[in-house]
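The structure under discussion appears below in the form of structure tokens.
The values are calculated or read from the model by the stated rules, or taken from the named source; none is laboratory data. Predicted, not measured: the structure shown is a model, and the values here were computed from it. Cβ: placed from backbone, ideal geometry, glycine included. Neighbour counts: every protein chain shown. All accessible areas refer to the heavy atoms of the entire protein, side chains included, with ligands and DNA or RNA removed. Shrake-Rupley method; radii C 1.70, N 1.55, O 1.52, S 1.80 Å.
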Amino acid sequence: IAERLRDEAAHDDLLSTLLAARDGDGAVTPRLIHDQVVTLLTAGGESNAAVLSWAFHLLSAHPEAERRVHAEVDSVLGGRLARWEDLPRLEHTARVVTETLRIYPPGRL
């Protein structure tokens, strides 16, 4: 944060947005900005982990759907790591994630 405050270059990211939101009275301190960034990063990771955990739980209860995910991944990726452009071709996998989000949305009460 201190380094970014000294940096005169324009950045289009979360930290720059938070720094730009600071007011002149000092109420928004570098420590508060740090805490906000940590909260956002942590919450994002926990949500992703929860969705994946529920997806694996649902797939374990539905072996045919799990087989279809494996077959689709093998067919589309051919043993390599996934890339952004692969996502539209992972149709069944996307449906599994969408259904998981429908049944177990992150942040539900």
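Looking at the range 26-38, can you tell me whether even one residue there is at positive phi and not in a helix (DSSP H, G or I)? Checked against the condition, which is being at positive phi and not in a helix (DSSP H, G or I), the range 26-38 yields at least one hit.
Screening the candidates Ser47, Ser53 for the property of being surrounded by 11 or more Cβ atoms within 10 Å (Cβ to Cβ), closer than 30 Å to Ala21 by Cβ and either modelled with pLDDT of 95 or more or of a type in the set (Ser, Thr, Tyr) (or both) yields one hit, Ser47.
Scan the range 1-16 for residues that are within 28 Å of Pro106 (Cβ to Cβ) and open to solvent by 90 Å² or more (accessible area, probe 1.4 Å) and jot them down. Passing the criteria: only Asp12.
Looking at the structure I just gave you, is Arg95 surrounded by fewer than 16 Cβ atoms within 10 Å (Cβ to Cβ), in contact (Cβ under 8 Å) with a residue 12 or more places away in the chain and not aliphatic (A, V, I, L, M)? For Arg95, the condition - surrounded by fewer than 16 Cβ atoms within 10 Å (Cβ to Cβ), in contact (Cβ under 8 Å) with a residue 12 or more places away in the chain and not aliphatic (A, V, I, L, M) - is not met. Entry remark, the range 72-92: residues being open to solvent by 60 Å² or more (accessible area, probe 1.4 Å) and not aromatic (Phe, Trp, Tyr) number 13 in total. Close contacts from the range 12-37, counting a first residue that is closer than 14 Å to Ala2 by Cα and of a type in the set (Gly, Ala, Ser) and a second that is modelled with pLDDT of 75 or more and surrounded by 10 or more Cβ atoms within 10 Å (Cβ to Cβ), with Cβ to Cβ under 9 Å and a gap of 6+ residues or different chains, come to Ser16/Arg4.
Inspect all residues belonging to the range 26-44 and state whether any of them is surrounded by 10 or more Cβ atoms within 10 Å (Cβ to Cβ) and of a type in the set (Asp, Glu). Checked the range 26-44: at least one residue is surrounded by 10 or more Cβ atoms within 10 Å (Cβ to Cβ) and of a type in the set (Asp, Glu).
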